[in-house]
Amino acid sequence: MLKNRSSTFSLLEPSDILALYYTSLYSGDLSTVKELMTTESYSMTLETFGLRLSLRDQEFKALLKNIKEDEDALAVVETKLSYDLIARKNSPEIDIKSVSWNGEKRQTIDYTEDGKIKKLYFSKEKDGWKINYYAGRKVN
């Protein structure tokens with residue numbers, strides 16, 4: 001089934017991924033979020049959204065530090081963070097303002113999240129477009 005999901009995601013354009021990312025993130029569906037992002041960007045997302053939880057839970061904080069090396073720690077962090085994201089009951093309004101290219105296989109989407117100006121970077125990977133925080137760097 002995961003292979004079918006991945007192949008479906010490979011057909012999505014960055015603007016579709018942006019909407020799916022927010023819907024999945026705040027519904028606690030981190031398996032979908034993981035499919036939409038590069039590995040490095042996904043780890044950074046877990047670290048960022050897990051900060052609040054790590055301030056209240058020292059065990060979680062220790063696990064969060066080891067998600068790149070320890071699959072068991074990653075699984076526990078994903079589970080706990082998923083419940084935390086659901087509990088936040090956040091459903092931001094996303095409004096795309098512009099899409100620009102940054103090289104042949106990179107795009108930047110400027111958008112607002114509940115009125116706050118944001119920017120998200122995408123790179124074309126072998127399995128489709130992915131959110132890639134590093135794709136904002138200029139390339140020739």
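The values are calculated or read from the model by the stated rules, or taken from the named source; none is laboratory data. Being a predicted model, the structure only gives us computed values, none of them experimental. Virtual Cβ from ideal backbone geometry, glycine too; neighbours counted across all protein chains shown. Surface areas here come from the heavy atoms of the whole protein model, side chains and all, with no ligands, DNA or RNA. Shrake-Rupley method; radii C 1.70, N 1.55, O 1.52, S 1.80 Å.
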For residues in the stretch 109-140 being more than 10 Å from Ile94 (Cα to Cα) and among the hydroxyl-bearing types (Ser, Thr, Tyr), which is most open to solvent (accessible area, probe 1.4 Å)? Tyr134
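Can you report the number of residues in the stretch 103-118 which are free of Cβ contacts under 8 Å to residues at least 24 places away in the same chain, acidic (Asp, Glu) and in a strand (DSSP E or B)?
Residues of the stretch 103-118 that are free of Cβ contacts under 8 Å to residues at least 24 places away in the same chain, as a first pass: 104-105, 110, 112, 114-118.
From the residues that got through so far, the ones that are acidic (Asp, Glu) too are 104, 110, 114.
Checking the rest, the ones that are also in a strand (DSSP E or B) come to 110.
Summing the residues that are free of Cβ contacts under 8 Å to residues at least 24 places away in the same chain, acidic (Asp, Glu) and in a strand (DSSP E or B) in the stretch 103-118 gives 1.
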Considering only residues of the stretch 8-34 that are farther than 18 Å from Thr79 by Cα, in a helix (DSSP H, G or I) and open to solvent by less than 60 Å² (accessible area, probe 1.4 Å), which is modelled with the lowest pLDDT? Phe9
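What about Ser54, is it in a helix (DSSP H, G or I) and in contact with a strand residue (DSSP E or B) (Cβ under 7 Å, 6 or more places away or on another chain)? Steps first, please.
Numbers: in a helix (DSSP H, G or I): yes; in contact with a strand residue (DSSP E or B) (Cβ under 7 Å, 6 or more places away or on another chain): no.
So Ser54 does not fit the description; no.
Taking the stretch 96-108, which residues are of a type in the set (D, E, K, R) and surrounded by fewer than 12 Cβ atoms within 10 Å (Cβ to Cβ)? Steps first, answer last, please.
The initial filter retains those residues of the stretch 96-108 that are of a type in the set (D, E, K, R), namely 97, 104-106.
Listed by number, the residues that qualify are Lys97, Glu104.
Quick one: in the stretch 35-67, of everything that is basic (Lys, Arg) and without any contact (Cβ under 8 Å) to a residue 24 or more places away in the chain, which residue is least open to solvent (accessible area, probe 1.4 Å)?
Restricting attention to the stretch 35-67, the residues satisfying the condition of being basic (Lys, Arg) are 52, 56, 61, 65.
Those left that are additionally without any contact (Cβ under 8 Å) to a residue 24 or more places away in the chain: 56, 61, 65.
Working: Arg56: 152, Lys61: 80, Lys65: 147 Å².
The qualifying residue least open to solvent (accessible area, probe 1.4 Å) is Lys61.
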Provide a single number: the residues in the stretch 69-92 that are open to solvent by 70 Å² or more (accessible area, probe 1.4 Å), assigned to a loop (DSSP other than H, G, I, E, B) and at pLDDT 95 or above. 1
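Taking the options Tyr134, Tyr121, name whichever one is touching a strand residue (DSSP E or B) at 6+ places or on another chain (Cβ under 8 Å), outside any loop (DSSP other than H, G, I, E, B), at pLDDT below 95 and within 18 Å of Glu40 (Cα to Cα). Give the steps one after another, and end with the answer.
Values: Tyr121 fails: at pLDDT below 95.
Residue meeting the stated conditions: Tyr134.
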